[in-house]
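Before any comments, here is the structure.
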């Protein structure tokens, strides 16, 4: 598999913290980080999300990734989970309530949890500060996404400035998926860990907003109709077509 045996000189000795939900994007980001940094820790958030089953997938993904390559296994450090129940309490959204997924009056999908990524990055930076980690990796993307404003590149850049000023550190926020679509995200996984990583993400990760794990599709488990399943399924189809072509 095309994995660098040792991290590049640019990141030698610098650790990373990956925002790791248990979904396709964060699993790909974790592989990306393991391929680059000598020490990688993971962080998940429990905010009362409707698809909380994603948190249950995290350990299987971590162990699977560690087993794909000895170097990845050596680099993978501790996992952390933080409870952010207050975020769920103040969020009246389809991700935190049993309600139908639809567009809100402002044009945003009602799966948008206001402030979620801003809160996530703030807590991640606080943990990275304590753990002595400089790099923070997240799966935010504004190419194939639901229109969430806190996934935009400008938002992440602004957060990096604010966190560095507010904590007197030089954190680097990495978003390796920012400018690629879901088909390219599958292709990135393939380039990082071969078919074994693609298969691991299909089988172990979770994307469905409804938390559905009953039905197995060629791209993984999910209801097959929610926006998250739709993006993942269409991306997987385009990825397979590109490989076949």
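Every number in this text was worked out from the coordinates using simple rules, so none of it is lab data. Note that the structure is predicted; figures quoted are calculated from it, not measured. Glycine gets a Cβ as well: all are built from the backbone with ideal geometry, and neighbour counts include every protein chain shown.
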Checklist entry - Using Cα pairs under 8 angstrom and six or more residues apart, how large is the relative contact order of region 105-245, in percent? => result 19 percent
Next on the checklist: Neighbour counts of other C-beta atoms within 10 Å: give me 65, 55 arranged from fewest to most.
Outcome noted: 55, 65
Next on the checklist: Using the basic label-point model (7 angstrom from Cα toward the beta carbon), what is the residue 242 to residue 52 distance in nanometres?
Outcome noted: 3.6 nm
Checklist outcome for this item: Label model pair residue 79, residue 127: point-to-point distance (7 angstrom along the Cα→beta-carbon line) in nm is 1.1 nm
Checklist entry - Once fully extended, how much extra length lies between residue 66 and residue 230, figured as 0.36 nm per residue of separation less the alpha-carbon to alpha-carbon distance? => result 56.1 nm
Next on the checklist: If I stretch the segment between residue 196 and residue 217 completely, what's the gain in nm (0.36 nm per residue apart, minus their alpha carbon distance), one decimal?
Outcome noted: 5.8 nm
Checklist entry - Which of the peptides 18-28, 127-137, 157-167 is most tightly packed, and how do the rest follow, going by the mean number of other Cβ atoms within 10 Å of each residue? => result 18-28, 127-137, 157-167
